[in-house]
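Okay, so here's the structure we're looking at.
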Amino acid sequence: MTEDTHHDAPAAAFETSFHADQIIAVNAKGIMMKKPLLSVEEPEPKKSVRADRPPTEGFATIVDGHFKSEFDAIEAAEVAGRKLKTAYPMLQVEIHDAAMRVRTLLS
């Protein structure tokens, strides 16, 4: 065989050995090639947040009628709301309690 015929070698002419983090393949010419080991993992399902629906748990800030940030504690929601109100006094800022389904206007 001439050297040119090695370029058209079938895929079966490759030898492979597996290591912990990569695959080592040897082609027909004896050249070693490193290939990364590909792993298939299930992606974690995303928590879909919709701006047009109120949250089902916790607390949220509502700015000019639009849901913005969600919080686990009412204190954190009030602090964020008061920072917005201090920086932009013309905004209407409310705190939404998802468990009670009540909105409280910050003044």
Quiz item: If we sort 58-65, 82-89 on the protection proxy, mean other Cβ atoms within 10 Å, highest first, what's the order?
Solution: 58-65, 82-89
Exercise. Could you work out the local net charge near Gln92, counting Lys and Arg as +1, Asp and Glu as -1, over the other residues with Cβ closer than 10 Å to its Cβ?
Key: -1
Self-check item: Sorted by Cβ density within 10 Å, fewest first, the residues Ser107, Ser69
Solution: Ser107, Ser69
Quiz item: Of Asp97, Asp72, Asp52, how do they rank once you tally other Cβ atoms within 10 Å and put the fewest first?
Solution: Asp52, Asp72, Asp97
Quiz prompt | Rounded to the nearest 20 debye, dipole of region 59-105 from Cβ charges on Lys, Arg, Asp, Glu | solution = 160
Quiz item: Once the convex hull of the C-alpha atoms of region 59-105 is built, how many Å³ does it hold per residue, rounded to a whole number?
Solution: 58
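Read-outs throughout are calculated quantities, based only on the coordinates presented, and are distinct from any laboratory measurement. The model shown is predicted, which means the values in this text are computed figures rather than measured ones. Here the Cβ is made from the backbone with ideal geometry for all residues, glycine too, and neighbour counts use every protein chain on show.
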